[in-house]
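Asks: For reference, the structure I am asking about is given below.
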Amino acid sequence: MDELFTPENLKWRDRAREIADRVVRPLAAKYDRLQEYPWEIRDAIKEAGLFGVWIPKEYGGHGGGVLDLCLVVEEISRACGGVGVLFAVNALGSFPILLAGTEEQKQHYLPQIARGEKLIAFGLSERNAGSDASGLTTSAREEGDSWIINGQKKWTTNGGAADIYSVFAVTDATSKSRRISAIIVEKGDPGFEIGRREDKMGIRCVPVVELHFDECRVPKDRLLGGRPGLGFKHAMMTLDRARPGVAAQALGLAAGALELSTVYATKRQQFGQPISGFQMVQQMLADMATQVEAGRQLVYAAARACDAGVAELTKLAAMSKLFCTDMAMKVTTDAVQIFGGYGYMKDYPIEKYMRDAKITQIYEGTNQVQRLVVARNLIKESGSLDHLAAFIPLPDHENTIADSERAAQAAGA
Ligand SMILES: Cc1cc2nc3c(=O)[nH]c(=O)nc-3n(C[C@H](O)[C@H](O)[C@H](O)COP(=O)(O)OP(=O)(O)OC[C@H]3O[C@@H](n4cnc5c(N)ncnc54)[C@H](O)[C@@H]3O)c2cc1C
């Protein structure tokens, strides 16, 4: 299907594939076990120039978009889902700057991120504000030339490793619609500390931590976009562009698990033949492959929609995340099944795929929340289908299909 991509898309995909096979795959189990940030992998990704794929050329990037980002995340996640998010979370953290930053903020931060010199994280969720992110309580008040931030963030991916943090805080508690602003915090800002580091089921190579702000003082020009009150809007715009990246992480995990399962099925002998000869194993492989391919098309469609700025972006991005992450959970679980008892063992690479896949159904909005987003948008768009109402006999009117047909004829439908 290479014909469907530009030479630039293929360049970044192939470069990511090479790094994934040469550097990421051999080190995946080690860093999963150690639960340490894999700086040597970060260095290889940086050397390959991959941190710049989604950043425009005028800010030191390669001028690609969400499609390039997704292709890279997919390839890396084929080898390790943890490294997939370790990379992708830099897009999540930098999208607020890209979408809403002032020209000075963009010129200052984006080139450092594009070069891979500085890592970035996204601090929205809190202990009591997960799905209901708008209920966050971390606050920021103006004092002279500074913002003073107080509160805690929960589950910030890349926290501690990152130098830059997009942090969402309440700047006007009295406002309903303009309560929250995004502020850039840097490692070393006074009053900013990294708190508890989580011990996780999967994606164990990337740190997920609490952020603590205790009278944390940052210069006033760190307010994203220079205007307060737009933070929640910017967070939602960011998630629209980042969710295809989570979908790509899940897609890569599923594709990687399918590859390993296919190889294993052709090698593992039972009853005097490879298990790939059994129709029930073939059925699993065929269903896995079909689901992976369906997910792939949805990810690429959502990524292209992001890059084209289409209006249906929110729904499509949520659909891609929802479908691919549920699909990855199913495919990686079936992959463990194909490996039989060996699949359940840590000596084999496949159980890690299943552990890594689970989080993709939870972060950047749980899949229940994605369903809400899809349904809300579907209902909002349903006005354009009103002409179909003439064909539907409604229960509270005692009309029939024949009545509906007559009405539709009368309406000239
Ligand atoms: C490993 C990891 C990394 C993370 N990284 C980041 C990060 O980098 N930055 C960041 O800001 N956040 C991050 N998060 C937070 C993540 O986005 C939240 O965990 C997620 O949004 C869910 O919030 P919650 O955990 O509080 O669950 P809750 O919101 O408490 O949800 C619990 C359950 O209730 C369901 N539920 C909640 N509301 C509804 C509803 N209205 N309708 C139907 N069902 C509902 C949920 O789907 C879920 O099943 C991370 C989380 C984890 C675990």
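Computed from the coordinates by the stated procedures, all read-outs in this text should not be read as laboratory data. From a predicted model like this one, the values you see are computed outputs, not experimental measurements. Cβ atoms come from the backbone with ideal geometry, glycine included; neighbour counts cover every protein chain shown.
Asks: Quick one: net charge around LEU258, please, counting Lys, Arg +1 and Asp, Glu -1 for every other residue with C-beta under 12 Å from its C-beta. Walk me through the numbers on the way to the answer.
Replies: Numbers: positive: ARG78, ARG296, LYS330; negative: GLU259, ASP287, GLU293, ASP334.
Summing Lys/Arg as +1 and Asp/Glu as -1 gives -1.
Asks: Note down the nm distance, to one decimal, between modelled labels 7 Å out along Cα→Cβ at GLU103 and at GLU36.
Replies: 4.5
Asks: Hey, what D do you get for the stretch 70-132 in µm²/s if you plug the Kirkwood alpha-carbon radius into Stokes-Einstein at 37 °C and 0.692 mPa s?
Replies: Numbers: Rh = 13.1 Å.
The Stokes-Einstein estimate is 251 µm²/s.
Asks: Fully extended, how many nm does the chain gain between GLU8 and ARG115 (0.36 nm per residue separation, minus their Cα-Cα distance)?
Replies: Numbers: separation 107, 0.36 × 107 = 38.52 nm, distance 1.79 nm.
This chain segment gains 36.7 nm when fully extended.
Asks: Determine the principal axes of the Cα atoms in the stretch 2-119, then give the extent along each, sorted from largest to smallest and rounded to whole angstroms.
Replies: That gives 41, 37, 19 Å along the principal axes, largest extent first.
Asks: Same structure again: Just need log10 I(q)/I(0) for the stretch 1-51 at q = 0.17, 0.24 Å⁻¹, Debye formula, equal scatterers on the alpha-carbon atoms, no solvent, rounded to two decimals.
Replies: Rounded to two decimals, the profile gives -0.58, -0.88.
Asks: Now for a separate question. Using only the Cα atoms, work out Rg/Rh for the stretch 274-413, with Rh taken as the Kirkwood radius, to two decimals. The partial results should precede the final answer.
Replies: Details: Rg = 22.1 Å, Rh = 18.6 Å.
The Rg/Rh ratio comes out at 1.18.
Asks: Roughly how big is the chain's charge dipole about its Cα centre, with Cβ charges of +1 (Lys, Arg) and -1 (Asp, Glu), in debye to the nearest 20?
Replies: On the way: 49 positive and 52 negative charges, 131 e Å.
It comes to approximately 640 debye.
Asks: Sticking with this one: Beyond 16 Å, what percent of the Cα pairs of the stretch 121-228 remain? All intermediate terms of the calculation are to be shown ahead of the outcome.
Replies: Working: 3186 of 5778 pairs.
In whole percent, the long-distance tail amounts to 55.
Asks: Enumerate the aspartates and glutamates that LYS330 could reach by cross-link, defined here as Cα to Cα under 19 Å, with residues fewer than 8 away along the same chain left out.
Replies: GLU74, GLU259, ASP287, GLU293, GLU351, ASP356
Asks: A follow-up question, please. Two decimals, Cα atoms only, Kirkwood Rh: what is Rg/Rh over the stretch 209-342? Don't skip to the end; give the middle numbers.
Replies: On the way: Rg = 21.3 Å, Rh = 17.6 Å.
Result: Rg/Rh = 1.21.
Asks: Sum up the lysine pairs in the stretch 1-116 that clear both bars: alpha-carbon distance under 19 Å and a spacing of 8 or more or different chains.
Replies: Details: LYS11/LYS46; LYS11/LYS57; LYS46/LYS57; LYS57/LYS106.
Within the stretch 1-116, the lysine pair count is 4.
Asks: Using the 10 angstrom Cβ neighbour count as an exposure proxy, how do TYR353, TYR342, TYR59 rank, fewest first?
Replies: Working: TYR353 29, TYR342 14, TYR59 22.
Exposure proxy ranking, most exposed first: TYR342, TYR59, TYR353.
Asks: Would you please state which residues of the stretch 335-374 a label at MET236 would reach in this model, taking the label point 7 Å out along Cα→Cβ and a backbone N cut-off of under 17 Å?
Replies: 364-366, 369-374, by backbone N distance to the label point.
Asks: Neighbour counts of other C-beta atoms within 10 Å: give me ASP214, ASP189, ASP68 arranged from fewest to most.
Replies: The most exposed by this proxy come first: ASP214, ASP189, ASP68.
Asks: May I ask you to list, by number, the DSSP H helices of the chain whose Cα span along the axis is at least 24 Å and whose average Kyte-Doolittle hydropathy reaches 0.5 or more?
Replies: Numbers: long enough: 81-100 (29 Å, 1.79); 231-267 (53 Å, 0.33); 279-308 (43 Å, 0.11); 313-338 (36 Å, 0.64).
Correct list, ordered by number: 81-100, 313-338.
Asks: Say R0 is 35 Å: what FRET efficiency, to the nearest 0.05, do GLN337 and GLU198 get from their beta-carbon distance? Let's see the in-between values first.
Replies: Working: r = 29 Å, r/R0 = 0.82.
Plugging the Cβ-Cβ distance into 1/(1 + (r/R0)^6) gives 0.75.
Asks: Right, something else. State the answer as a single residue: which of TYR363, GLN270, LEU378 lies farthest towards the positive end of the charge dipole of the chain, with beta carbon charges of +1 for Lys and Arg and -1 for Asp and Glu, about the Cα centre.
Replies: Farthest along the dipole direction, towards plus: GLN270.
Asks: Continuing with this model, one more query. Using only DSSP helix segments of four residues or longer, with each worth -39500 (n - 2.57), what per-residue ellipticity at 222 nm results for the chain after dividing by its residue count and rounding to 500?
Replies: Calculated mean residue ellipticity at 222 nm is -17000 deg cm²/dmol.
Asks: Using Cβ contacts closer than 10 Å as the measure, can you line up LYS358, LYS220, LYS352 from fewest to most? It would help to have the intermediate numbers written out before the result.
Replies: On the way: LYS358 18, LYS220 13, LYS352 24.
Exposure proxy ranking, most exposed first: LYS220, LYS358, LYS352.
Asks: Using only the Cα atoms, what convex hull volume per residue in Å³ does the stretch 175-228 have? Could you put the intermediate results ahead of the total?
Replies: Details: hull volume 7.6 nm³, N = 54.
About 141 Å³ per residue, rounded to a whole number.
Asks: Further, regarding this structure: The chain: Rg/Rh from Cα coordinates, Kirkwood Rh?
Replies: On the way: Rg = 23.5 Å, Rh = 22.7 Å.
Taking Rh as the inverse mean 1/r over Cα pairs, Rg/Rh reads 1.04.
Asks: Once you've got the GNM for the chain with C-alpha springs shorter than 10 Å, pick whichever of SER261, SER177, SER94 has the biggest mean-square fluctuation.
Replies: SER177
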